[in-house]
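Below is one structure, written out as structure tokens; comments come after it.
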Amino acid sequence: MSFQPKVYFISTEYLRQNTPIEDNVDDKKILPYITKAEDTYLQEVIGETGYDALKDALVSNTLTSDDQTFIRNYVQPMVAQYAFYLMFPFLNYKATNKAVSKESSEYSTPSELEEIKYLRSNILDIAEFYKRRMVKWLLDHPGVFWWYDSPNALDNLPKSAKSYMNGVYLPWGGSRGNLPVWTEPYGSTYPCGGGGWCNGGAYGGNNYF
């Protein structure tokens, strides 16, 4: 039985160049989070079929010009920010066979939990922007990637156009009035058709931005 080598769409050097991660952070501490960002957030956007197709093309050195452009302009920026988001809480800590301990040095003081939460929230905002940007590009360019357009792709993790982890629920119209609500441009079930900023009270598509 053969095993496919692990594929990284970004290097640790790329991650350092595009985030505030310092050079003294060991690559062995970074790589697992690059893997997690690719396996979860990237695969969630493009689906398992697309994820495997890009990995296979990268390994076999058969990337098309469209593949290369998509990876450079959309995959790499998103993966970098999500990898940073995932690893950020653990930069202060290390797990050993004794305990989980907080790291520090004589020249620095570890951040407190509330500071970490605030900074991580800002990192997530940037990551979700790049995720949203990728989804929009894929939807605006049908026919470029067969694996994204095919409704019959058999995916253990189907592709999703959901880009933001919302903490506030804004209902459609009702007693709250016609609040503008962002709808993801995926499918045909949204009141505003293709998605975008929509007037919350408009179900017929008559009053949207």
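The values are calculated or read from the model by the stated rules, or taken from the named source; none is laboratory data. The structure displayed is predicted, hence computed values, not measured ones. Using ideal geometry, Cβ is built from the backbone for each residue, glycine included, and neighbour counts are taken over all protein chains shown.
Go through PHE129, PHE90, PHE84, PHE70 for me and flag whichever is at pLDDT below 90 and either under 20 Å from the mean Cα position of the chain (by Cα) or closer than 27 Å to PRO5 by Cβ (or both).
None of the others qualify; the one that does is PHE90.
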Fill in: Selection count where residues are among the aliphatic types (A, V, I, L, M) and at pLDDT 95 or above, scope the range 1-29
2
Discussion item. Please verify whether VAL7 is outside the structural domain of PRO89 (by TED's automatic domain parsing) and assigned to a loop (DSSP other than H, G, I, E, B), treating the condition exactly as stated.
Written reply: yes
Practice prompt. Looking at (1) more than 16 Å from the chain's Cα centre (by Cα); (2) modelled with pLDDT of 90 or more; (3) not in a loop (DSSP other than H, G, I, E, B), find the lone condition where GLY143 falls short.
Written response: (3)
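Can you name every residue in the range 2-19 that is in contact (Cβ under 8 Å) with a residue 24 or more places away in the chain and either in contact with a helix residue (DSSP H, G or I) (Cβ under 6 Å, 6 or more places away or on another chain) or of a type outside the set (Phe, Trp, Tyr) (or both)?
If the condition is that a residue be in contact (Cβ under 8 Å) with a residue 24 or more places away in the chain and either in contact with a helix residue (DSSP H, G or I) (Cβ under 6 Å, 6 or more places away or on another chain) or of a type outside the set (Phe, Trp, Tyr) (or both), then GLN4, PRO5, LYS6, VAL7, TYR8, PHE9, ILE10, LEU15, ASN18, THR19 are the ones that fit.
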